[in-house]
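Novice: Before I ask anything, here is the structure I am working with.
Please treat every number below as a calculation from the coordinates, not as lab data. Only a predicted model underlies this, so the values are computations on that prediction, with no experimental measurement involved. Note that we place each Cβ from the backbone using ideal geometry, even for glycine, and neighbour counts take in every protein chain shown.
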Amino acid sequence: MAVTPECGGSEPSLSVAEARKTLLETLNPVTGWERVPVRSALGRILAQVLTAPFDVPAYDNCAMDGFAVRAADLTDTENRLRLVGTAFAGAAFSGRVGPGEAVRVMTGAVLPEGADTVMIQEAARVQLESVVLPACDRPGQNVRRAGEDIAAGRPALPAGRRIGPAELGLIASLGLAEIAVYRRPRVAFFSTGDELASVGRPLAPGEVYDSNRYTLYGALTRLGLEVMDLGVVRDDPEDLERTFAEAARQADLIITTGGVSVGEADYIRPILSRLGDVHFWRIAIKPGRPMAFGRLGGAWFFGLPGNPVAVLVCFYQIVQDALQRLQGLDPIPPRPSFRVPCDSAIRKVPGRREFPRGWLYQEGVAWRVRLSGNQGSGVLSSMTEANCFICLPEESASVSPGDPVEVQPFAGIL
Ligand code: AMP
Ligand code: MG
């Protein structure tokens, strides 16, 4: 397995970019695929190149309501043409447009034979059996040419594309009822810790509800992975070993939270080394830092830190790209970020890449950001009240109000 050497010592030695790149380069797309009906492909990854079986659109047609004419008939002044018929979307004009003639057309109608241009209705004046039209700005205007969207035989969608609403529409416009998509990778996840209680029963003193299985369920499901929730596993070597072994038999990927921090790793390390090849990393990230990655039997293994916000930060900043690669996504989509002034003071010492959570808002034409509340690595409310990560690079020190910072929005329009 091509991973960087294990990180020892007390200093973080792997940058966020290195960790993400290593994971991305190590995981490969799943090989299995299946044919599914178009609607079931929403969110899935296309496993084949789709080529257009015919020109899209299939014939020259009218882009506007108006009059189909021969551009050569239109002089620079007013033009009176004889109306010889009408073409509707779905009901073509069966004749031919001759010199001095025009056909009334609706948007989507087949462009009548002989005509090459559509003059918009708003510029026309109908008088009995004729229409008066102004000069033509551009011969060929308001006509959608056959194949101008996609020519027959040309690739319409590449393999590796995630299917969204526009892709569903495009696939339907090609007349395809079924397409091949990658098999959904199966991911088993569980939480470790003696202090964890599952929801549905009262908390005993010293317990916390296990929230990580819920955030992970959300993040993994939304990415389109098939999830297997293996529950809470006590900090007990036999339970842990049994659960890891079972997960490795059933899943492509195992994700756990907790148990990789300095105090706890010693406990889990011997179990993992009996079952596979796992490396413990110290990553220059906050929140987060400890993370384990490797192979357990036939499955990839990601051991994330236990703190609830650290789980999400590590997931989005380090793990997600690799999971998308495993799904077959290609290319991995870039994540837009931009610089805006920050209202809040943020304390930071150089060394780690930090991801405080922020609220991005618009004031007049300008965007600004402020911290979204208590930034503790266990404080999920500051994540729910945020709409972006603020990304402070390794070398940066504290931020003063008004300083520009880089922000990464959680969501775009799609
Ligand atoms: P650990 O990484 O196991 O040392 O845990 C770090 C912190 O995260 C501790 O305060 C744990 O109680 C908390 N924690 C660990 N796992 C979970 C979980 N599944 N849900 C909520 N909090 C957790
Ligand atoms: Mg723990």
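Novice: To the nearest 500 deg cm²/dmol, what mean residue ellipticity at 222 nm is calculated for the chain from DSSP H runs of n ≥ 4 alone, each contributing -39,500 (n - 2.57), summed and divided by the residues?
Specialist: Estimated from H runs of four or more residues: -5500 deg cm²/dmol.
Novice: With only Lys, Arg, Asp and Glu charged, each at its Cβ (+1 for the first two, -1 for the last two), find how big the charge dipole of the chain is about the Cα centre; round to the nearest 20 debye.
Specialist: 160
Novice: Another question about this same structure. Given region 178-256, what percent of its DSSP beta bridges are antiparallel, to the nearest 5?
Specialist: So the antiparallel bridges amount to about 0 percent of the total.
Novice: Still on this structure: Towards the positive end of the charge dipole of region 19-174, with charges on Cβ (+1 Lys, Arg; -1 Asp, Glu), say which of Gln121, Ile45, Asn28 has the farthest Cα.
Specialist: After comparing all options, I get Asn28.
Novice: Here's a follow-up. Return a whole-number percent for the relative contact order of region 169-235, with Cα pairs under 8 Å and 6 or more residues apart as the contact set. Write out the running numbers ahead of the final one.
Specialist: Details: 76 pairs, mean separation 29.2, N = 67.
Result for region 169-235 is 44 percent.
Novice: Give the long-range amide H neighbours of Asn307: residues separated by 5 or more places, or on another chain, with amide H under 5 Å away, using H modelled in the peptide plane at 1.01 Å from N.
Specialist: For Asn307, whose amide H was placed from the backbone, there are no distant partners under 5 Å.
Novice: Taking a spot 7 Å from the Cα of Glu122 along the direction of its beta carbon, which residues of region 48-77 have an amide N less than 13 Å from it?
Specialist: 64-66
Novice: Now a separate question. Please label the shape of region 336-388 as rounded, prolate or oblate, based on the square roots a ≥ b ≥ c of the eigenvalues of the alpha-carbon gyration tensor (a/c under 1.5 means rounded; beyond that, a/b larger than b/c means prolate, else oblate).
Specialist: Oblate shape, in that a/c is at least 1.5 and b/c is the bigger or equal ratio.
Novice: What number, in percent, do you get for the relative contact order of region 324-414 if the mean sequence gap of Cα pairs under 8 Å and at least 6 apart is divided by its residue count?
Specialist: Value for region 324-414: 39 percent.
Novice: Quick check: the distance between the Cα centres of region 274-302 and region 335-402, to the nearest angstrom?
Specialist: After rounding, the separation between the Cα centres reads 27 Å.
Novice: Hey, could you pull the Cα Rg and Dmax for region 20-139, both in Å?
Specialist: 23.6, 74
Novice: What is the percent of Cα-Cα separations in region 5-89 that go past 17 Å?
Specialist: Working: 2746 of 3570 pairs.
Counting pairs separated by more than 17 Å, the tail of P(r) holds 77 percent.
Novice: May I pose another question? Given a 10 angstrom Cα cut-off, can you work out which residue in Leu253, Leu326, Leu74 is the most mobile in a GNM of the chain?
Specialist: Judging by the Gaussian network model, the answer is Leu74.
Novice: Taking the Cα centre of region 348-414 as origin and charging only Cβ (+1 Lys, Arg; -1 Asp, Glu), how large is the dipole, in debye to the nearest 20?
Specialist: It works out to roughly 120 debye.
Novice: Would you mind working out the magnitude of the charge dipole of region 251-399 relative to its Cα centre, with +1 at each Lys and Arg C-beta and -1 at each Asp and Glu C-beta, to the nearest 20 Debye?
Specialist: Around 260 debye, computed over region 251-399.
Novice: Identify, among Val227, Ala166, Leu216, the residue whose Cα sits farthest towards the positive end of the charge dipole of region 163-265, taking +1 on the Cβ of Lys and Arg and -1 on the Cβ of Asp and Glu, with the dipole about the Cα centre.
Specialist: Ala166
Novice: Oh, and also: For a distance above 26 Å, tell me the whole-number percent of Cα pairs in the chain that qualify.
Specialist: 66
Novice: Normalise the Debye intensity by I(0) for region 203-298, one equal point scatterer per Cα, no solvent, then take log10 at q = 0.13, 0.16, 0.19 Å⁻¹ and round to two decimals.
Specialist: Log-scaled intensity ratios, in q order: -0.50, -0.77, -1.10.
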